[in-house]
Structure formats: structure tokens, C-alpha cells
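One structure is given below, encoded as C-alpha cells.
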Amino acid sequence: MTAGNPRGVKHVPRKRFGQNFLVSSGVVAKIVVTIAPQHDDVLVEIGPGLGALTEPLLDSLDHLHVVEIDRDLIARLRERFTPERLTIHEGDALKFDFSILGGKQHSCLRVVGNLPYNISTPLLFHLAEYADQIRDMHFMLQKEVVDRMVSPPGGPEYGRLSVMLQYRYEMERLFLVPPGAFDPAPKVASAIVRMIPRPVSALAASDPTVFAKVVTAAFGQRRKMLRNTLREMLTEAELAALGIQPTARAEELGVAEFVRIANAANALTL
Ligand code: SAM
């Protein structure tokens, strides 16, 4: 497979759109097997690019949605696929309303993508707004980002991204992809991650906004003790009463402990 196109003119990859195209047919096949598309799935691919994943996904699907920002790539996709098989949503995935894709009624939307690495974190936070409509997500991301997403407490990789995503999703790093699988080759290794939203009934934060605020404050100055970073929300005694060491640092707390702190802080403001 090459980063070519049906018109024979090579697309020049655009750095500003994070374009690193998959060119390893072995890796593409492995990703598609991992996703295991079924013909009637409601599936959306973010950033189809030159179609490296789009085409093999469509081999198993009746229909596929894609969201792409690059007009040149959109024109190529239009030449190659009919609108009956492929619905192309032109624009920025960061602003895209994923609820229009029909996952609303059944929590059935499947999301996949070899994501533009420059917007991966904001995109993950944007998608979290639709998590109750999503069945699963499979993404290629920088290995370093995936490691932060799935990290347990205690290490330098554990942070706001880990806590916020682990609260909302079951996540698993599936396999690594070397730079040579892309054109142009990125400087770093990549990894495939699977994200499955937890049922709404399992989400214990009484106010998700307060939960997010607590996590952001705690990791804002991650070397500081919680009695300092959370001072505006809970006193040292209130932290201790929750079974949380006021002298602990954010990286020592698990997701359930952040939920406990957030619910106590929320109860105090009611
Ligand atoms: N899926 C293709 C592949 O695997 O070869 C392309 C992957 S490339 C890493 C990222 C793709 O996302 C590019 O097609 C790029 O134009 C597109 N993209 C970048 N920023 C985007 C955005 N904000 N919204 C939608 N698509 C975007």
C-alpha cells in the first residue's frame, strides 16, 4: 500500500493536520481484525485520510461515516467511494456533533481512527461528552499518550488524562505500531487502545463538573500536597475524614478516591 491516490498525484502530507498515513498492510489488517466490524454497525472513522483503514473497514460494513478536515483528501474520498457507502462529514472533529450519527437511541456508535496526534487529548475529551451514546472506540495514538491513559496510580505517567478517562471508560492498550508503518514516519512509537464506556449507572460522581474540577486542581501542581491543592474545596480535617491523607499527592490517589473527594466537596456546596 502507498500514500498514493486514484488520480495518480501524490498527496503531500500536511503537518498541521497531523498527517502520518498508514502504509503497512499488515498493521492495517491487524487493526481491522481488532475492530471486527459487523455489516450493520454504526461506525465513524475520524480522519480517514487516504483511506488506508476506510477501504478495508467498508469491506465488512454496509455503510461508514467519516469526519475529515482536509478538503483535498475529501475530494479524493468522494472520487473513490459512493455516498451510499460512505457519508463524509467535512470539518473539524473537535467541533463535530457525534450525536447526529444515530447512536443516541441505542448507545451503539462505534468510533475508530488513526488520530491526528496534535489534537488527540482535546479530541478524547470532546468524545467523552458523547460516551453514553458510544459502544466502543479504537484509536491509534502516540504510545506515550496511551501509556498515560491506562497508567495506574503511583507513577509519573498517571495524571489528569488517566483519571478522567479511567473514570469514564474501561481501557486497554492492545498493541504497538512502529514508526515505519507510516508515511511519513513519526518520530515516536504508536499504540492501539480500546476504550469501552462504563454504563452511566456505574458513574459515581454526583456532579461530573465538580469531579473534573477536583482532578484538575489536584494535578495542576502535582508535586504539592492535597491539603494545599484542594484547600479551596476541603479542609485538611475533611480530607482525613474521607480516609485521604492530606499530605498525599494527586498521583497517589485512585479514581475512586477522587470521586469520594468530589462528592464530599459537592455535598458541602449544596
Ligand atoms: N486514517 C488515515 C491513515 O490511517 O492513514 C489518516 C491518519 S492521519 C494520522 C490523521 C487524519 O486526520 C488526516 O487525514 C487528517 O487530515 C485528519 N485530521 C486532522 N485534524 C483533523 C480534525 N481536526 N478533524 C478531522 N480530521 C482531522
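Each reported figure results from applying straightforward, stated rules to the coordinates on display, with no laboratory input. Bear in mind that the values here come from a model prediction, so they are computed numbers and not experimental data. With ideal geometry, Cβ positions are generated from the backbone for all residues, glycine too; neighbour counts draw on all protein chains shown.
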What does the charge dipole of the chain about its Cα centre add up to, to the nearest 20 debye, if the Cβ of each Lys and Arg holds +1 and the Cβ of each Asp and Glu holds -1? 760
Once amide hydrogens are built 1.01 Å from N within the peptide plane, the residues lying 5 or more places from Val177 or on another chain with amide H under 5 Å from its amide H are Ser190, Ala191, Ile192
Return the long-range amide H neighbours of Leu43 (sequence gap of 5 or more, or a different chain), with a cut-off of under 5 Å between placed amide H atoms. His65, Arg110
Among Leu43, Ala128, Pro184, which residue has its Cα furthest toward the positive end of the charge dipole of the chain, with +1 on Lys/Arg Cβ and -1 on Asp/Glu Cβ? Pro184
In a shell of Cβ-Cβ distance under 14 Å around Val67, excluding Val67 itself, what net charge do Lys and Arg (+1) and Asp and Glu (-1) give? -3
If the viscosity is 0.890 mPa s and the temperature 25 °C, what Stokes-Einstein diffusion coefficient in µm²/s follows for the stretch 1-88 when Rh is the Kirkwood radius over Cα pairs? 183
Which GluC sites (Glu not before Pro) in the stretch 202-248 sit in a loop by DSSP (not H, G, I, E or B) and have at most 11 other Cβ atoms within 10 Å of their own Cβ? Glu232
For the Cα atoms of the chain, what angle does the longest principal axis make with the long axis of helix 255-269, in degrees from 0 to 90, nearest 10? 60
Which residues make up the longest stretch of the chain that has no trypsin sites (Lys or Arg not before Pro) in a DSSP loop with at most 16 other Cβ atoms within 10 Å? 105-186
Per-residue HN-Hα couplings for the stretch 125-131 [Karplus 6.51, -1.76, 1.60; θ = phi - 60°; Hz; x = Gly/Pro]: 5, 4, 5, 4, 5, 10, 4
Whole-Å semi-axes of the ellipsoid equivalent to the stretch 124-179 (Cα gyration tensor, √5λ, descending): 19, 16, 9
Rounded, prolate or oblate: which fits the stretch 2-199, taking a ≥ b ≥ c as square roots of the Cα gyration tensor eigenvalues, rounded meaning a/c under 1.5, else prolate when a/b beats b/c? oblate
Please give the Cα centre distance for the stretch 215-241 versus the stretch 78-153, rounded to the nearest Å. 33
So if we plug the beta-carbon distance of Arg85 and Ala29 into 1/(1 + (r/R0)^6) with R0 = 25 Å, what FRET efficiency do we get, rounded to 0.05? 0.80
Shape of the stretch 105-231, Cα gyration tensor, a/c cut at 1.5: oblate
So what's Rg/Rh here for the stretch 208-269, counting alpha carbon atoms and using the Kirkwood radius for Rh? 0.90
